[in-house]
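Taking it in order: structure first as structure tokens, then the write-up.
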Amino acid sequence: MSTKKCFPNNFLWGGATAANQYEGGYNKGGKGKALVDVIPAGENRREVMEGKFHYRDLPNDCLYPGREAVDFYHHWEEDIDYMIEMGFKVYRFSISWSRIFPTGEEETPNQEGLDFYKQIVRKLVDNGIEPLITICHFDMPLHLIEKYGSWRDRKVIDAYLRYCRVLFETFKGKVRYWITFNEINMLLHMPFMGAGIMFRPDEDQEKVKYQVAHHELIASALATKLAKEIDSDYQIGCMLAAGQFYPYSSDPRDVFDALEKNRATFFFSDVQVRGHYPDYTKQKLDNLGITIDMLPGDEELLQENTVDFISFSYYASRLTSADPEAGEKTAGNVIPTLRNPHLEISPWGWQIDPLGLRITLNALYERYEKPLFIVENGLGTKDELVDGKVNDDYRIDYLQKHMLAMHDAITKDGVRLIGYTSWGCVDLVSASTGQMSKRYGYIYVDKNDDGSGTLKRYRKKSFDWYSRVIATNGASLFE
Ligand code: BG6
């Protein structure tokens with residue numbers, strides 16, 4: 001095994017965004033209303049995203065940051081020019097479902113919406129950038145939520161497949177990599193943001209969540225089947241909000257608690273990669289008295305249509321204890337965690353753990369032995385624009401350490417990692433907080449938390465740094 005100081009040939013370096021936080025143009029080009037259009041900034045955001053506060057009960061003066069976002073809708077050429085300049089090999093973006101099917105139930109797609117993405121794909125392909133498309137990234141037509149209660153109803157699977165068919169047929173021969181659902185496990189933690197679920201009074205929320213999970217897993221399997229029928233070269237991936245749970249102490253109860261918390265994430269990839277419900281989930285559901293409504297043939301569908309690669313986001317590891325009083329809590333990517341005293345934290349309280357990325361890569365690779373793709377990682381923090389410049393050495397430091405951990409995983413542990421797209425390569429709206437000030441990009445966008453700003457773009461210091469990483473296939477990380 002080679003330990004040379006660069007990454008494998010053809011390693012896919014790039015960046016990632018998602019329509020719901022980046023694209024804006026929410027009422028342009030025939031687009032229908034989407035889930036994100038009713039998620040406000042400010043104090044009610046969290047409860048709305050958790051499905052506990054109905055968006056219809058929000059005050060009239062709410063700011064909805066996803067509606068304009070940073071207006072990629074009108075800046076796509078300029079933004080892709082920046083990606084070309086940085087030398088991206090891959091660009092991960094999501095398609096807004098309600099731009100293609102405004103209500104989700106039309107017989108034919110909205111041509112204007114489709115044309116918007118066609119020109120993007122054309123420009124990427126013409127410039128040697130591989131598109132990586134997320135079909136559903138915290139996004140769906142609001143109509144499907146209001147009419148069917150979202151993914152509770154199997155009719156939404158049909159709507160999703162109609163949408164997938166249009167994408168797979170339109171982009172045949174131009175796009176190779178697809179992700180069926182962004183962070184599919186997030187639906188357990190943020191049911192409305194993750195899957196459009198608003199809870200009704202007195203219902204068994206765990207049962208609803210697992211039923212919804214089943215429907216998304218079936219939709220993902222059917223999309224995988226359809227993709228292969230349309231183009232056998234298509235590569236389909238699952239996508240997890242990953243980051244291993246560590247035990248808070250060596251107390252076996254803490255170790256067991258970490259094992260169970262990790263299972264909540266692995267459940268999804270176990271089904272999507274291995275093709276069946278793991279026994280630990282079957283037993284858990286049985287113990288909870290939950291029966292999932294399945295149709296005859298569902299189990300075969302899952303078994304016969306597993307994914308080609310495993311993609312995931314990694315921002316930090318997580319820490320847990322069996323003792324509810326133990327430790328101190330800190331923020332993290334939605335899923336609750338304790339503060340790990342060995343780690344630094346960002347101004348938003350997210351922990352910084354590059355070795356945790358190597359641990360997570362190993363955990364996934366040992367479990368599945370399939371190609372891995374890191375499709376989100378990065379430091380969300382405040383930047384200061386001074387005389388048109390941003391000196392984001394802190395971001396470079398974060399990224400550099402994580403990339404070195406990736407290199408270790410590849411060259412010392414034998415992990416098969418095929419690519420890396422850092423999150424929010426152009427600054428965009430934060431999913432958890434709705435803020436603009438929590439920035440991840442190599443490109444600064446002049447937009448503020450209150451929605452003001454010119455939307456003008458500026459290269460940050462990390463822009464040149466990342467360009468060099470890509471140009472040297474990682475060798476510059478060792479200089
Ligand atoms: C992931 C999501 O959970 O983390 C993204 O897929 C999100 O949509 C990213 O933006 C970073 O989280 P945040 O809350 O800092 O935007």
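The values are calculated or read from the model by the stated rules, or taken from the named source; none is laboratory data. Model, not experiment: these values are computed from the prediction. So basically every Cβ, Gly included, is an ideal-geometry build from the backbone, and we count neighbours across all protein chains shown. These area figures cover heavy atoms from the full protein model, side chains too; ligands, DNA and RNA do not enter into them. Shrake-Rupley method; radii C 1.70, N 1.55, O 1.52, S 1.80 Å.
Here the accessible area is traced with a 1.4 Å probe on the protein chains. For the stretch 3-478, carbon and sulfur cover 47 percent of it. Here residue 397 and residue 363 are evaluated by their C-beta separation; at R0 = 22 Å the FRET efficiency comes out at 0.35.
Once you reduce the stretch 299-355 and the stretch 172-210 to the center of their Cα atoms, the two points are 17 Å from each other.
Report the net charge of residues surrounding residue 473, where surrounding means a beta-carbon distance below 14 angstrom and charges are Lys +1, Arg +1, Asp -1, Glu -1. Write down the numbers at each step before the final one.
Numbers: positive: 4, 5, 89, 468; negative: 479.
Result for the local shell: +3.
Across the stretch 157-196, the residues whose backbone nitrogen lies under 15 Å from the label position 7 Å along the beta-carbon direction of residue 118 are 166-175.
When the convex hull of its Cα atoms is viewed from all sides, the stretch 270-387 shows a mean projected area of 11.4 nm².
Remark on the stretch 12-99: Rg and Dmax equal 15.2, 46 Å (Cα only). Distance from the Cα centroid of the stretch 256-280 to that of the stretch 109-144 is 31 Å (rounded to whole angstrom). Highest average first, the peptides 201-209, 35-43, 123-131 ordered by how many other beta carbon atoms sit within 10 Å of their residues are 35-43, 123-131, 201-209.
Taking a straight line from the alpha carbon of residue 456, these lysines sit under 25 Å away, with near neighbours fewer than eight places off in the same chain left out: 28, 31, 89, 118, 123, 382, 389, 438, 447. Here's the list of lysines a cross-link from residue 209 could span, going by alpha-carbon distance under 27 Å and ignoring same-chain residues fewer than 8 apart: 33, 52, 147, 155, 225, 261, 282, 284, 329. Give the calculated FRET efficiency between residue 103 and residue 458 to the nearest 0.05, with a Förster radius of 30 Å applied to their Cβ-Cβ distance. Efficiency for this residue pair is about 0.20. In the stretch 285-325, a dipole from Cβ-located charges (positive for Lys and Arg, negative for Asp and Glu) runs towards its positive end, and of 295, 310, 321 it is 321 whose Cα lies farthest in that direction. Ordering 260-269, 182-191 by mean Cβ neighbour count within 10 Å, with the highest value first, yields 182-191, 260-269.
The slack in the chain from residue 231 to residue 468, taken as 0.36 nm per residue of separation less the alpha-carbon distance, amounts to 81.9 nm.
Applying D = kT/(6 pi eta Rh) to the chain, where Rh is the Kirkwood radius over alpha-carbon pairs, T corresponds to 20 °C and eta to 1.002 mPa s, the Stokes-Einstein value obtained is 95 µm²/s.
This model, with +1 at the C-beta of Lys and Arg and -1 at the C-beta of Asp and Glu, gives the chain a dipole about its Cα centre of some 820 debye.
In terms of the mean number of neighbouring beta-carbon atoms within 10 Å, the peptides 369-380, 320-331 order highest first as 369-380, 320-331.
Given the Cα-Cα distance of residue 416 and residue 255 and 0.36 nm per residue of separation, how much length would full extension add, in nm?
Numbers: separation 161, 0.36 × 161 = 57.96 nm, distance 2.74 nm.
Stretched fully, the residue 416-residue 255 segment lengthens by 55.2 nm.
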